[in-house]
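Student: Quick one: the structure is below, and I'll ask about it shortly.
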Amino acid sequence: MTSIISHIQTANAVLCLLMAVQLLSMSAMRPTPKRLLALNCLLYAHQSLALVIMFNSNIDRSLSGFGFTRPLFAMLLGPALYLYFSCVHRQPSQIKLSDAVHFLIGILIFALLVWIKPLRAFIDLAITSSFVIYFCLIALQMRAGKRALAHLDSHAEPAYRWLVCLMIMALINITLELAVNLEMRAGVKLRESTSLLIASLAFFLINITMIVAALRRSAWLEWMYQFGQQTLQATIQVNPSAIDPELAQQTFERWQNLVKTERLHQLEFGITLAQAAKKLQMPARQLSNAINQIYGHSFSVYLNDQRIQEAQNRLIEHPDMSIIDVMQASGFSSKSNFNKEFLRVCGTSPSAYRDMHRQAASTAANELA
């Protein structure tokens, strides 16, 4: 069982490190919450890695210091998660100097337990108590529901869902921590703990889910990169949805190049704003605002304009190509939508547009003759 737990915990450490790197490397309008979440991931990565090293301490005794840092950092897990929740609930979302008190208390309690030898037996109880206390504090923050997140505007809903998920994860962590402690009190060695094996598997599944959500830019995590943008926009008097002109231009140019190179407007099932933003590795709102600001129209109008331009070229260059084939090759899936958009851009129907160019080409040929 020791080998199985070691392998799973190693995977957990790697996944937590990857998640932390992803959170720290991505830009955001308000970076503090995602940095705090990254801190939590790093603390959990250390817990998993320390456990693996302790299980295999006979390989390298010099690494036995993990036996000290693991309970120390475990005392900081509760305060770190509580601070993340507090930061999300605040307006503005900033860390206060007083927040350091939570970490100092945890460090002082741990130091006291280590310094006084008779109290060392209570370190595990202190860690579990810390988890429970900070979980209760988080629950008090969440009792107001989405109303407490009203300052996040449109991001309140996904933010609330994500925080609820984190609370469930924290509750699972407390339950399994208690189960492991009960097994150890009953004389079961940590290496042989069934509860520890279940906990390792549970957090492996949680970590995999978080990584997939981050890679897919799920709305459950995407809000952390976007929220706060409304506050920034409120300072722009001319256009409430405007972003920095240089950033908007760079974003729009990247979008144009992506459409051109990957022919996104011709995709059979189209592409959504969220999918496009994921390809560009940027918040969807940033892309939408940049297109509106530089192009003067929405994301969907831009794509339809590119499709109509494609259709115009095909109607002229391929006179024998059917209108349906032109429609499909240009990226439209509905004939009614194709005709409507073509009329909007060209002021006429596709067939009339082709006939007009045929007549113009015939007249030009006759004049040359």
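The values are calculated or read from the model by the stated rules, or taken from the named source; none is laboratory data. Because the structure is predicted, anything quoted here is derived from the model rather than measured. Please note: Cβ atoms are built from the backbone with ideal geometry, for glycine as well, and neighbour counts cover all protein chains shown. Just so you know, the surface numbers come from the protein's heavy atoms only, side chains and all, with ligands and any DNA or RNA stripped out. Shrake-Rupley method; radii C 1.70, N 1.55, O 1.52, S 1.80 Å.
Student: Where in the chain are the helices, taken as whole DSSP H runs, whose Cα atoms extend 30 angstrom or more along the long axis and whose Kyte-Doolittle mean reaches at least 0.0?
Tutor: Answer set is 2-25, 32-55, 66-89, 156-185, 194-215.
Student: Counting only other residues whose beta carbon sits under 13 Å from that of ALA159, what net charge do I get with K and R as +1, D and E as -1?
Tutor: +3
Student: Calculated FRET efficiency, VAL345 and ALA179, Cβ-Cβ r, R0 56 Å, to nearest 0.05?
Tutor: Taking R0 as 56 Å, the efficiency between VAL345 and ALA179 is 0.30.
Student: Which net charge results when you count Lys and Arg as +1 and Asp and Glu as -1 among the other residues whose beta-carbon is under 12 Å from that of GLN47?
Tutor: 0
Student: Expected output is a single nm value to one decimal: the length gained when fully extending between GLU192 and THR272, i.e. 0.36 nm times separation in residues minus the C-alpha distance. What is it?
Tutor: Difference between extended and current length: 23.9 nm.
Student: Return one whole number: the accessible area per residue of the chain in Å², for a 1.4 Å probe.
Tutor: 53
Student: Still on this structure: Below 8 Å between Cα atoms, with a sequence gap of 6+, how large is the relative contact order for the stretch 1-50 in percent?
Tutor: Answer for the stretch 1-50 is 51 percent.
Student: Could you order the peptides 182-192, 88-98, 287-297, 30-40 from most to least packed, using the average number of other C-beta atoms within 10 Å per residue?
Tutor: 30-40, 287-297, 88-98, 182-192
Student: So, one more: Would you kindly state how much longer the chain becomes between ASN313 and ASN337 on full extension, computed as 0.36 nm times their sequence separation minus their alpha carbon distance, in nm to one decimal?
Tutor: Going from the current span to full extension adds 6.8 nm.
Student: Same structure, new question: Using 0.36 nm times the number of residues separating LYS279 and GLN141, minus their current alpha carbon distance, what extension gain do you get?
Tutor: Working it through step by step, the gained length comes to 46.1 nm.
Student: Excluding residues on the same chain fewer than 8 positions from LYS146, give the lysines whose Cα lies under 24 Å from its Cα.
Tutor: Of all the lysines, those that pass the test against LYS146 - Cα under 24 Å, at least 8 places apart if same chain - are LYS34, LYS96.
Student: Let me ask something else about it. Which of [x] 26.7; [y] 17.5; [z] 18.7 is the computed mean projected area of the Cα convex hull in nm² for the structure on display?
Tutor: Of the listed options [x] 26.7; [y] 17.5; [z] 18.7, [x] comes from this structure.
Student: Could you check the spin-label model distance between ARG263 and THR363? Points 7 Å from the Cα along Cα→Cβ, value in nm.
Tutor: 3.4
Student: On to the next question. Apply 1/(1 + (r/R0)^6) to the Cβ-Cβ distance of LEU125 and ILE172, taking R0 = 25 Å, and write down the FRET efficiency to the nearest 0.05.
Tutor: 0.80
Student: Roughly to the nearest percent, how much of the accessible area of the chain is carbon and sulfur, given a 1.4 Å probe?
Tutor: The computed percentage sits at 63.
Student: As a test of the formula, what do you get for the chain when each DSSP H run with n ≥ 4 contributes -39,500 (n - 2.57) and the sum is divided by the residue count, at 222 nm and rounded to the nearest 500 deg cm²/dmol?
Tutor: Calculated from helices alone, the mean residue ellipticity at 222 nm is -24500 deg cm²/dmol.
Student: In a shell of Cβ-Cβ distance under 15 Å around LEU113, excluding LEU113 itself, what net charge do Lys and Arg (+1) and Asp and Glu (-1) give?
Tutor: Cβ neighbours under 15 Å give a net charge of +2.
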